[in-house]
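This report concerns only the one structure given below.
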Amino acid sequence: MIDDSRAPRRDRAGFPPTRKSLGQHFLTDKRILTRIADALHLEGGETVLEIGPGRGALTDILAERAGRLIAIEYDRALAEVLRQRYAKKGNVLIAEADVLEVSLGELAAGPYVLVGNVPYYITTPILFHALVPPRAQRSVYLVQREVAERLSAAPGTKEYGALTVNVAAVAKAETLFKVAAGAFSPPPKVESAVVRITPLATPLVSEEEQRPFRLLVQGAFGMRRKQMRRVLRSLYAIDAPAADAVLAETNIDPDVRPETLSPEQFAKLLRAEPHKLREP
Ligand code: SAM
(Lines give C-alpha, C1' and ligand atoms only; values in the text may rest on other atoms or scores of the structure.)
Protein backbone atom coordinates (compact mmCIF):
# COMPACT_ATOMS: atom_id res chain seq x y z
CA MET A 1 0.00 0.00 0.00
CA ILE A 2 1.30 3.49 -0.82
CA ASP A 3 1.82 5.70 2.24
CA ASP A 4 0.76 9.20 1.17
CA SER A 5 0.43 10.61 4.72
CA ARG A 6 3.40 12.91 4.04
CA ALA A 7 2.05 14.25 0.74
CA PRO A 8 0.74 17.85 1.06
CA ARG A 9 -3.04 18.18 1.24
CA ARG A 10 -4.74 19.60 -1.87
CA ASP A 11 -8.07 21.32 -2.43
CA ARG A 12 -10.44 20.31 -5.24
CA ALA A 13 -8.57 22.47 -7.75
CA GLY A 14 -5.33 20.72 -6.79
CA PHE A 15 -3.84 23.61 -4.80
CA PRO A 16 -2.03 23.18 -1.45
CA PRO A 17 -3.33 24.97 1.68
CA THR A 18 -2.89 28.75 1.66
CA ARG A 19 0.15 29.89 3.67
CA LYS A 20 -0.64 33.32 5.10
CA SER A 21 2.87 33.50 6.57
CA LEU A 22 4.13 33.69 2.96
CA GLY A 23 1.80 36.60 2.15
CA GLN A 24 -0.45 34.39 0.05
CA HIS A 25 -3.37 36.54 -1.08
CA PHE A 26 -4.29 35.43 -4.55
CA LEU A 27 -5.59 37.96 -7.04
CA THR A 28 -8.76 36.63 -8.58
CA ASP A 29 -10.07 39.64 -10.54
CA LYS A 30 -9.33 38.93 -14.23
CA ARG A 31 -9.73 42.56 -15.25
CA ILE A 32 -7.08 43.69 -12.77
CA LEU A 33 -4.72 40.86 -13.72
CA THR A 34 -4.99 41.95 -17.35
CA ARG A 35 -4.36 45.59 -16.42
CA ILE A 36 -1.20 44.59 -14.54
CA ALA A 37 0.10 42.63 -17.54
CA ASP A 38 -0.85 45.54 -19.86
CA ALA A 39 1.17 47.95 -17.69
CA LEU A 40 4.34 46.04 -18.60
CA HIS A 41 3.92 47.01 -22.28
CA LEU A 42 5.27 43.71 -23.56
CA GLU A 43 6.07 43.49 -27.24
CA GLY A 44 6.40 39.71 -27.46
CA GLY A 45 10.08 38.86 -27.27
CA GLU A 46 11.04 40.01 -23.78
CA THR A 47 12.32 37.98 -20.85
CA VAL A 48 9.88 38.50 -17.99
CA LEU A 49 10.70 37.69 -14.36
CA GLU A 50 7.64 37.21 -12.16
CA ILE A 51 7.98 37.37 -8.38
CA GLY A 52 5.61 35.07 -6.45
CA PRO A 53 3.44 33.47 -9.16
CA GLY A 54 1.29 31.75 -6.51
CA ARG A 55 -1.54 29.88 -8.23
CA GLY A 56 -0.50 31.24 -11.61
CA ALA A 57 -3.31 33.74 -12.27
CA LEU A 58 -0.94 36.41 -13.63
CA THR A 59 1.51 33.78 -14.91
CA ASP A 60 -1.14 32.45 -17.32
CA ILE A 61 -1.44 35.85 -18.99
CA LEU A 62 2.30 36.53 -19.00
CA ALA A 63 3.09 33.09 -20.48
CA GLU A 64 1.10 34.08 -23.57
CA ARG A 65 2.76 37.48 -23.92
CA ALA A 66 6.41 36.95 -22.94
CA GLY A 67 9.24 35.65 -25.07
CA ARG A 68 10.53 33.86 -21.98
CA LEU A 69 8.97 33.80 -18.52
CA ILE A 70 10.84 32.94 -15.34
CA ALA A 71 8.55 32.76 -12.31
CA ILE A 72 10.19 32.70 -8.86
CA GLU A 73 8.08 30.95 -6.21
CA TYR A 74 9.22 30.11 -2.68
CA ASP A 75 6.40 27.74 -1.74
CA ARG A 76 7.60 24.29 -2.80
CA ALA A 77 4.08 22.83 -3.17
CA LEU A 78 2.91 25.74 -5.35
CA ALA A 79 6.09 25.60 -7.45
CA GLU A 80 5.38 21.91 -8.08
CA VAL A 81 1.79 22.63 -9.20
CA LEU A 82 3.05 25.34 -11.54
CA ARG A 83 5.83 23.15 -12.94
CA GLN A 84 3.23 20.58 -13.91
CA ARG A 85 0.88 23.19 -15.35
CA TYR A 86 3.53 24.70 -17.63
CA ALA A 87 5.42 21.48 -18.40
CA LYS A 88 4.46 21.75 -22.06
CA LYS A 89 5.15 25.49 -22.32
CA GLY A 90 8.74 25.71 -23.47
CA ASN A 91 9.04 29.43 -22.71
CA VAL A 92 8.11 29.12 -19.00
CA LEU A 93 10.55 28.25 -16.23
CA ILE A 94 9.46 27.91 -12.61
CA ALA A 95 12.34 28.75 -10.28
CA GLU A 96 11.74 27.49 -6.74
CA ALA A 97 13.63 30.05 -4.66
CA ASP A 98 13.49 32.91 -2.20
CA VAL A 99 13.46 35.96 -4.48
CA LEU A 100 15.75 37.82 -2.05
CA GLU A 101 18.39 35.11 -2.42
CA VAL A 102 18.61 35.14 -6.21
CA SER A 103 20.37 37.62 -8.45
CA LEU A 104 17.60 38.77 -10.78
CA GLY A 105 20.08 39.89 -13.45
CA GLU A 106 21.90 36.55 -13.40
CA LEU A 107 18.65 34.60 -13.57
CA ALA A 108 17.49 36.62 -16.58
CA ALA A 109 20.93 36.42 -18.25
CA GLY A 110 20.13 39.44 -20.43
CA PRO A 111 17.68 42.35 -20.55
CA TYR A 112 14.48 41.70 -18.61
CA VAL A 113 11.31 43.20 -17.24
CA LEU A 114 10.03 42.46 -13.74
CA VAL A 115 6.52 41.99 -12.44
CA GLY A 116 4.96 40.76 -9.24
CA ASN A 117 1.98 40.74 -7.01
CA VAL A 118 4.55 40.64 -4.26
CA PRO A 119 4.26 39.10 -0.78
CA TYR A 120 3.58 42.11 1.47
CA TYR A 121 5.73 40.93 4.39
CA ILE A 122 8.84 41.60 2.26
CA THR A 123 7.73 44.35 -0.15
CA THR A 124 10.42 46.87 0.83
CA PRO A 125 13.30 44.34 0.77
CA ILE A 126 12.11 43.21 -2.69
CA LEU A 127 12.04 46.81 -3.97
CA PHE A 128 15.58 47.40 -2.67
CA HIS A 129 16.74 44.03 -4.06
CA ALA A 130 15.43 44.99 -7.50
CA LEU A 131 17.51 48.19 -7.46
CA VAL A 132 20.74 46.15 -7.64
CA PRO A 133 22.17 46.34 -11.19
CA PRO A 134 21.63 45.01 -13.77
CA ARG A 135 18.16 46.43 -13.19
CA ALA A 136 14.96 45.55 -15.03
CA GLN A 137 14.07 47.70 -18.04
CA ARG A 138 10.79 48.37 -16.25
CA SER A 139 8.97 46.85 -13.30
CA VAL A 140 5.33 46.63 -12.35
CA TYR A 141 4.40 45.69 -8.79
CA LEU A 142 1.20 45.24 -6.87
CA VAL A 143 2.00 46.59 -3.40
CA GLN A 144 0.28 47.88 -0.27
CA ARG A 145 -1.19 51.33 -0.98
CA GLU A 146 0.98 52.74 1.79
CA VAL A 147 4.13 51.58 -0.05
CA ALA A 148 2.87 53.15 -3.29
CA GLU A 149 2.44 56.42 -1.37
CA ARG A 150 6.00 56.17 -0.01
CA LEU A 151 7.37 55.62 -3.51
CA SER A 152 5.93 58.86 -4.82
CA ALA A 153 6.14 60.98 -1.65
CA ALA A 154 7.42 64.56 -1.67
CA PRO A 155 10.22 65.78 0.66
CA GLY A 156 8.92 66.94 4.03
CA THR A 157 5.94 64.58 4.13
CA LYS A 158 5.70 61.68 6.57
CA GLU A 159 5.69 59.12 3.74
CA TYR A 160 8.99 60.47 2.38
CA GLY A 161 11.86 58.20 3.43
CA ALA A 162 14.80 56.01 2.51
CA LEU A 163 12.72 53.97 0.05
CA THR A 164 11.51 57.10 -1.76
CA VAL A 165 15.02 58.54 -2.10
CA ASN A 166 16.78 55.32 -3.10
CA VAL A 167 14.25 54.57 -5.81
CA ALA A 168 14.12 58.18 -7.03
CA ALA A 169 17.91 58.23 -7.39
CA VAL A 170 17.78 55.65 -10.17
CA ALA A 171 14.19 55.42 -11.39
CA LYS A 172 10.83 57.07 -11.85
CA ALA A 173 7.95 55.60 -9.80
CA GLU A 174 4.31 56.01 -10.87
CA THR A 175 1.16 54.80 -9.15
CA LEU A 176 -1.08 53.43 -11.90
CA PHE A 177 -4.26 52.38 -10.10
CA LYS A 178 -5.63 51.19 -6.77
CA VAL A 179 -6.85 47.67 -6.02
CA ALA A 180 -9.46 46.94 -3.33
CA ALA A 181 -8.92 44.12 -0.83
CA GLY A 182 -11.95 42.27 -2.27
CA ALA A 183 -10.02 41.53 -5.49
CA PHE A 184 -7.96 38.95 -3.55
CA SER A 185 -8.69 35.58 -1.99
CA PRO A 186 -8.25 35.64 0.95
CA PRO A 187 -8.53 39.46 1.14
CA PRO A 188 -5.58 41.25 2.78
CA LYS A 189 -6.21 43.73 5.63
CA VAL A 190 -4.89 46.64 3.56
CA GLU A 191 -5.68 48.32 0.26
CA SER A 192 -3.27 47.85 -2.61
CA ALA A 193 -2.01 49.74 -5.65
CA VAL A 194 -0.17 48.95 -8.85
CA VAL A 195 3.06 50.88 -9.41
CA ARG A 196 5.44 51.04 -12.32
CA ILE A 197 9.15 51.74 -11.88
CA THR A 198 11.19 52.84 -14.88
CA PRO A 199 14.97 53.43 -14.67
CA LEU A 200 16.18 56.97 -15.35
CA ALA A 201 18.24 57.43 -18.51
CA THR A 202 20.71 59.36 -16.34
CA PRO A 203 20.59 58.10 -12.73
CA LEU A 204 21.53 60.53 -9.94
CA VAL A 205 24.07 58.00 -8.62
CA SER A 206 26.36 55.59 -10.47
CA GLU A 207 26.50 51.84 -9.83
CA GLU A 208 29.59 52.28 -7.61
CA GLU A 209 27.93 55.08 -5.65
CA GLN A 210 24.72 53.17 -5.06
CA ARG A 211 25.85 51.30 -1.93
CA PRO A 212 27.40 54.29 -0.09
CA PHE A 213 24.36 56.35 -1.17
CA ARG A 214 22.01 53.80 0.35
CA LEU A 215 24.00 53.76 3.59
CA LEU A 216 23.99 57.57 3.75
CA VAL A 217 20.25 57.82 3.07
CA GLN A 218 19.24 55.00 5.41
CA GLY A 219 21.56 56.36 8.10
CA ALA A 220 20.09 59.87 7.70
CA PHE A 221 16.47 58.69 7.84
CA GLY A 222 17.35 56.65 10.92
CA MET A 223 17.80 60.12 12.50
CA ARG A 224 15.00 61.88 10.63
CA ARG A 225 14.16 64.26 13.50
CA LYS A 226 17.79 65.38 13.95
CA GLN A 227 19.38 68.35 12.18
CA MET A 228 21.77 67.68 9.30
CA ARG A 229 24.83 68.90 11.21
CA ARG A 230 24.18 66.27 13.88
CA VAL A 231 23.36 63.60 11.27
CA LEU A 232 26.68 64.06 9.44
CA ARG A 233 28.64 64.17 12.68
CA SER A 234 27.15 60.87 13.79
CA LEU A 235 27.33 59.12 10.42
CA TYR A 236 30.88 60.10 9.50
CA ALA A 237 32.38 60.64 12.97
CA ILE A 238 33.36 64.24 12.13
CA ASP A 239 33.25 67.39 14.28
CA ALA A 240 30.74 70.26 13.89
CA PRO A 241 33.05 72.55 11.78
CA ALA A 242 33.76 69.67 9.37
CA ALA A 243 30.05 68.90 9.09
CA ASP A 244 29.28 72.59 8.49
CA ALA A 245 31.97 72.72 5.78
CA VAL A 246 30.38 69.79 3.93
CA LEU A 247 26.93 71.36 4.23
CA ALA A 248 28.21 74.77 3.05
CA GLU A 249 29.84 73.12 0.05
CA THR A 250 26.54 71.51 -0.88
CA ASN A 251 24.36 74.55 -0.04
CA ILE A 252 22.41 72.70 2.63
CA ASP A 253 21.31 74.53 5.77
CA PRO A 254 22.93 72.70 8.76
CA ASP A 255 19.73 73.13 10.77
CA VAL A 256 17.38 71.31 8.36
CA ARG A 257 16.25 67.75 8.92
CA PRO A 258 17.09 64.91 6.50
CA GLU A 259 13.42 64.40 5.69
CA THR A 260 13.41 67.74 3.83
CA LEU A 261 16.35 66.96 1.50
CA SER A 262 15.66 66.07 -2.13
CA PRO A 263 17.27 62.99 -3.75
CA GLU A 264 19.52 65.43 -5.68
CA GLN A 265 20.73 66.99 -2.42
CA PHE A 266 21.55 63.56 -0.99
CA ALA A 267 23.55 62.78 -4.15
CA LYS A 268 25.47 66.06 -3.76
CA LEU A 269 26.20 65.27 -0.14
CA LEU A 270 27.62 61.90 -1.07
CA ARG A 271 30.10 63.55 -3.40
CA ALA A 272 31.12 66.31 -1.02
CA GLU A 273 34.54 66.28 0.56
CA PRO A 274 35.74 65.08 2.98
CA HIS A 275 33.69 61.91 2.98
CA LYS A 276 33.53 61.38 -0.76
CA LEU A 277 32.39 57.79 -1.36
CA ARG A 278 33.53 56.77 2.09
CA GLU A 279 30.94 54.55 3.66
CA PRO A 280 29.33 55.76 6.84
N1 SAM B 1 0.91 36.23 -8.14
C2 SAM B 1 -0.10 35.51 -7.41
C3 SAM B 1 -1.43 36.22 -7.54
O4 SAM B 1 -1.43 37.36 -8.02
O5 SAM B 1 -2.45 35.66 -7.20
C6 SAM B 1 0.28 35.32 -5.95
C7 SAM B 1 0.58 36.56 -5.16
S8 SAM B 1 0.80 36.34 -3.42
C9 SAM B 1 0.43 37.97 -2.86
C10 SAM B 1 2.57 36.31 -3.18
C11 SAM B 1 3.28 35.05 -3.66
O12 SAM B 1 4.67 35.17 -3.35
C13 SAM B 1 2.83 33.77 -3.02
O14 SAM B 1 2.64 32.78 -3.99
C15 SAM B 1 3.97 33.37 -2.07
O16 SAM B 1 4.11 31.99 -1.85
C17 SAM B 1 5.15 33.94 -2.83
N18 SAM B 1 6.32 34.23 -1.96
C19 SAM B 1 6.34 34.53 -0.64
N20 SAM B 1 7.59 34.75 -0.21
C21 SAM B 1 8.39 34.60 -1.29
C22 SAM B 1 9.79 34.70 -1.49
N23 SAM B 1 10.61 35.02 -0.49
N24 SAM B 1 10.29 34.47 -2.73
C25 SAM B 1 9.45 34.14 -3.76
N26 SAM B 1 8.12 34.04 -3.63
C27 SAM B 1 7.59 34.27 -2.42
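Kindly list the number of the only condition in (1) outside any helix (DSSP H, G or I); (2) under 20 Å from ILE36 (Cβ atoms) that fails for THR157.
Answer for THR157: the failing condition is (2).
When you scan region 199-280 for helices (runs of 4 or more DSSP H) that lie fully inside it, which ones turn up with 3 or more residues that are more than 21 Å from ALA168 (Cα to Cα)?
Output list reads 228-236, 240-249.
What number goes with the only condition from (1) more than 12 Å from the ligand (Cβ to nearest atom); (2) in contact with a Gly (Cβ under 7 Å, 6 or more places away or on another chain); (3) modelled with pLDDT of 95 or more that ILE51 does not pass?
(1)
If you take the residues in region 119-146 that are without any contact (Cβ under 8 Å) to a residue 40 or more places away in the chain and not in a loop (DSSP other than H, G, I, E, B), which one is nearest to ALA108 (Cα to Cα)?
Here the answer is HIS129.
Please specify each residue of region 178-215 satisfying the condition of being over 17 Å from the mean Cα position of the chain (by Cα) and within 15 Å of VAL115 (Cβ to Cβ).
VAL179, the sole residue that qualifies.
Search region 54-79 for residues that are closer than 19 Å to ILE126 by Cα and pair each with any residue that is more than 7 Å from the ligand (Cβ to nearest atom) and modelled with pLDDT under 95 when their beta-carbon atoms are under 6 Å apart and the residues are at least 6 apart or on different chains.
none
Please work out which residue is farthest from the ligand (Cβ to nearest atom), limiting yourself to region 69-81 and to residues that are assigned to a helix (DSSP H, G or I) and not hydrophobic (A, V, I, L, M, F, W, C).
Here the answer is GLU80.
What residue, of ALA57, ALA95, ALA66, is surrounded by 14 or more Cβ atoms within 10 Å (Cβ to Cβ), at pLDDT 95 or above, within 7 Å of the ligand (Cβ to nearest atom) and among the small types (Gly, Ala, Ser)?
ALA57
A quick yes/no check of all residues on (1) more than 15 Å from LEU131 (Cα to Cα); (2) touching a Phe, Trp or Tyr at 6+ places or on another chain (Cβ under 7 Å):
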position: SER185; (1), (2): yes, yes
position: SER192; (1), (2): yes, no
position: ARG196; (1), (2): no, no
position: SER206; (1), (2): no, no
position: GLN210; (1), (2): no, no
position: VAL217; (1), (2): no, yes
position: PHE221; (1), (2): yes, no
position: ARG224; (1), (2): yes, no
position: LEU232; (1), (2): yes, no
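Return the residue satisfying two criteria in turn: it lies in region 121-166 and is over 11 Å from the mean Cα position of the chain (by Cα) and within 25 Å of SER21 (Cβ to Cβ), and of such residues it is surrounded by the fewest Cβ atoms within 10 Å (Cβ to Cβ).
Result: TYR121.
So which of VAL102, VAL118 ends up being buried (at least 18 other Cβ atoms within 10 Å of the Cβ) and either in the same structural domain as LEU142 (by TED's automatic domain parsing) or in contact with a Leu (Cβ under 8 Å, 6 or more places away or on another chain) (or both)?
Numbers: VAL102 fails: buried (at least 18 other Cβ atoms within 10 Å of the Cβ).
Selected residue: VAL118, the only one of VAL102, VAL118 that is buried (at least 18 other Cβ atoms within 10 Å of the Cβ) and either in the same structural domain as LEU142 (by TED's automatic domain parsing) or in contact with a Leu (Cβ under 8 Å, 6 or more places away or on another chain) (or both).
Quick check on this structure: which one of LEU176, LEU151, LEU232, LEU163 is of a type in the set (A, V, I, L, M, F, W, C) and at pLDDT below 95?
Values: LEU176 fails: at pLDDT below 95; LEU151 fails: at pLDDT below 95; LEU163 fails: at pLDDT below 95.
Exactly one residue qualifies, and that residue is LEU232.
In region 11-54, how many are over 24 Å from LEU100 (Cβ atoms) and exposed (fewer than 15 other Cβ atoms within 10 Å of the Cβ)?
So the count comes out to 13.
In region 14-64, what count of residues is obtained for those that are over 21 Å from the mean Cα position of the chain (by Cα) and assigned to a helix (DSSP H, G or I)?
Number satisfying all stated conditions: 6.
The values are calculated or read from the model by the stated rules, or taken from the named source; none is laboratory data. Since the structure is predicted, the reported quantities are computational estimates derived from the model, not experimental observations. Glycine also receives a Cβ, built like all others from the backbone with ideal geometry; neighbour counts cover every protein chain displayed.
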